[in-house]
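I have placed the structure first, in the form of structure tokens, so that the comments after it can refer back to it.
Rule-based calculations on the coordinates, nothing more; no lab input. Since the structure is predicted, the reported quantities are computational estimates derived from the model, not experimental observations. Positions of Cβ are generated from backbone atoms using ideal geometry, with glycine treated the same way; all protein chains shown enter the neighbour counts.
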Amino acid sequence: MTILLMLVQIIVLFVLVMLHVAYATYFERKIIGHMQVRLGPMQVGWHGLLQPIADGIKSFFKEDIIPEQADRPTFMAAPIICLVAMMTSLAVLPFAKGWVLADINIGLLFIFAMSSLASYGVVLAGWASNSKFSFLGGLRSMAQVISYEIAMGLSLVGVMLMSGSLNLTQIVEAQGNSILGMYLLPQCIGFFVFFISMLAETNRVPFDLPEAETELVSGYCTEYSGMRYAIFFMAEYIGMMVMAAIGTVCFLGGWNGPFAVPFFPPLWFLLKIYLFMFIFIWIRATLPRYRYDQLMDLGWKLLIPLALVNIVVTACLKAMIG
Amino acid sequence: MFTQIFFGYCALMIISSGILAISLRNPVHCVLMVLVLFFHMAGLYLTLNAEFLAAVQIIVYAGAILVLYLFVLFLVSLREELNLDAFVPSAWLGRIIAVGLAGGLLFVIPSFILGEKGVWSMSAIKELTHTKALGQEMYSTYLLPFEIAGLILLIALIGGLVLARREANIPLEPEAPEESQTCGHPNRKEVSL
């Protein structure tokens, strides 16, 4: 019975997240459209509301092309590795008190583990398609993800120190119910580092070098088409959502809000996630792309030292006060 | 019951992916098999309630070290397979030695005795969570070995830096003639990076 209930919960979460992905693309096209004084999708449905569904159906029925010289098993497995890794991390996200599929003690580490697995999908996609553009995109993404994963992990150590736990639910509860309890203020350096590495981890502008259109066609997914390309797309948007959720849980107080919402406790959590998503898109519409050496310099020479300083300061303060 | 089935599955997968990792021809596929192996090892740690170790296994081994292996494989030219002379001249002699070794290992298994139980009982670890228990032990009882391990790692890190660093006043060596690389892919047309 408990297994059945669990399955139902998993399916509900899966469907909701898929819908979220579909409408996140709509959200992105609309926002960027309006920021560039265009209208964005308008044709399918009222104000283009059915556009994501049309896109989904289209990509589902498109021809699936596998290049002749590609490494077939790896080529087919790569998008699935990406999607599975991203979907698995959804299991530990606490949407509200008790609204979590797996309340495990190492929630934060689990998400790191899964995000490092997702980079395999990208790298293998680049290698297996046997194309220079894809291969360079894969290499860039690998170097970028490794570098920024360190900065991101270190930036969250401050949060772990303050809350004394790796369990995401307990991290939220440690921040209390008020706006002053949020780790955004005491961990402002950590948040700064986290936010930048979050953009780099999800390969978003201004760090979207792995798929820089002007240089690499479409980077690691150049050779992909149809459903497999759509799977990469889904993985990217779920990745954005997971990163936004970590940011919300660790710095913005999770599901806590100015007042409790009856019937639908995750409301504040979702609003905060969409705030992050909006900023993602806002940045995409505003900033130009970094150069590759600038990206590496920023990661290794600025973010990692800053995060280390933040850890030392937080630990000292905690030892003195706590 | 469930734990035993899970253990059996993990053990089977570890052994088979280990064998595949040394027998597959394509080095990238070998690395992927090692990745599968690491995941199942992390699964075994979970059955032992060592969840921190399981997470670190994946983050460090799968997420960092194996990715570096992939990097090296991609960047090193692997145009032709290396063929080394076998250490043992005859294949059958080698098989006999291997069977003998396996028999010897099986023979000594019965003399394996469980060690003494530590101070940490299963319930104590569950209550405090594995991460905290590990941290407390590491920073109190085993502080000195921990610091020594840290120092060794630091030395290795500095050594790597010194080796990789080029002196500023030594002119760069003239660029080697363009070398073609196959990036570990059997079908890959030669790519020059």
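Values computed for the structure shown
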{"item": "Whole-angstrom gap from the stretch A:218-242 to the stretch B:61-129, using each part's C-alpha centre", "result": "36"}
{"item": "Rounded tilt (10° steps) of A:304-321 against the dominant C-alpha axis of chain A", "result": "20"}
{"item": "Least to most buried among A:178, A:116, A:155 (fewest other Cβ within 10 Å first)", "result": "A:178, A:116, A:155"}
{"item": "Those trypsin sites (Lys or Arg not before Pro) in the stretch A:81-162 that DSSP places in a loop and that have at most 15 other beta carbons within 10 Å", "result": "A:97"}
{"item": "Principal axis dimensions, the stretch A:62-321 - Cα atoms, whole angstrom, descending", "result": "62, 44, 33"}
{"item": "Space enclosed by the convex hull of the alpha-carbon atoms of the protein assembly as shown, per residue, Å³", "result": "225"}
{"item": "Distance histogram for the stretch A:232-322 (every C-alpha pair counted, 5 angstrom bins, percent rounded to whole numbers)", "result": "3, 11, 12, 14, 19, 17, 12, 8, 4, 1"}
{"item": "Mean separation of Cα contacts under 8 Å, 6 or more apart, over the residue count of chain A: relative contact order %", "result": "23"}
{"item": "Cα centroid separation, the stretch A:159-176 to the stretch A:257-292 (Å)", "result": "21"}
{"item": "Helix-derived mean residue ellipticity, 222 nm - over the protein assembly as shown, DSSP H n ≥ 4, -39500 (n - 2.57), to 500", "result": "-21500 deg cm²/dmol"}
{"item": "Surrounding net charge for residue A:49, when Lys and Arg each add one and Asp and Glu each subtract one, Cβ distance under 13 Å", "result": "+1"}
{"item": "Extension gain, residue A:8 back to residue A:312 (0.36 nm per residue minus Cα-Cα distance, nm)", "result": "105.0 nm"}
{"item": "The stretch A:25-71: chymotrypsin sites (Phe, Trp or Tyr not before Pro) in DSSP loop, at most 14 other beta carbons within 10 Å", "result": "none"}
{"item": "Loop chymotrypsin sites (Phe, Trp or Tyr not before Pro), the stretch A:257-322, which have at most 12 other Cβ atoms in a 10 Å radius of their Cβ (DSSP)", "result": "A:259, A:263"}
{"item": "Per-residue Cβ neighbour rank within 10 angstrom, fewest leading, A:15, B:28, A:249", "result": "A:15, B:28, A:249"}
{"item": "The stretch A:82-157-the stretch A:296-311 distance, computed between alpha-carbon centres (Å)", "result": "20"}
{"item": "For chain A, the longest site-free run once GluC sites (Glu not before Pro) in DSSP loop states with at most 13 other Cβ atoms within 10 Å are removed", "result": "A:69-322"}
{"item": "Where Cα atoms sit under 24 Å apart: lysine pairs in the protein assembly as shown separated by 8 or more or lying on different chains", "result": "9"}
{"item": "Principal-axis tilt of helix A:51-61 within chain A, Cα atoms, nearest 10 degrees", "result": "50"}
{"item": "Over the stretch B:1-57: Kirkwood hydrodynamic radius from C-alpha pairwise inverse distances, Å", "result": "11.7"}
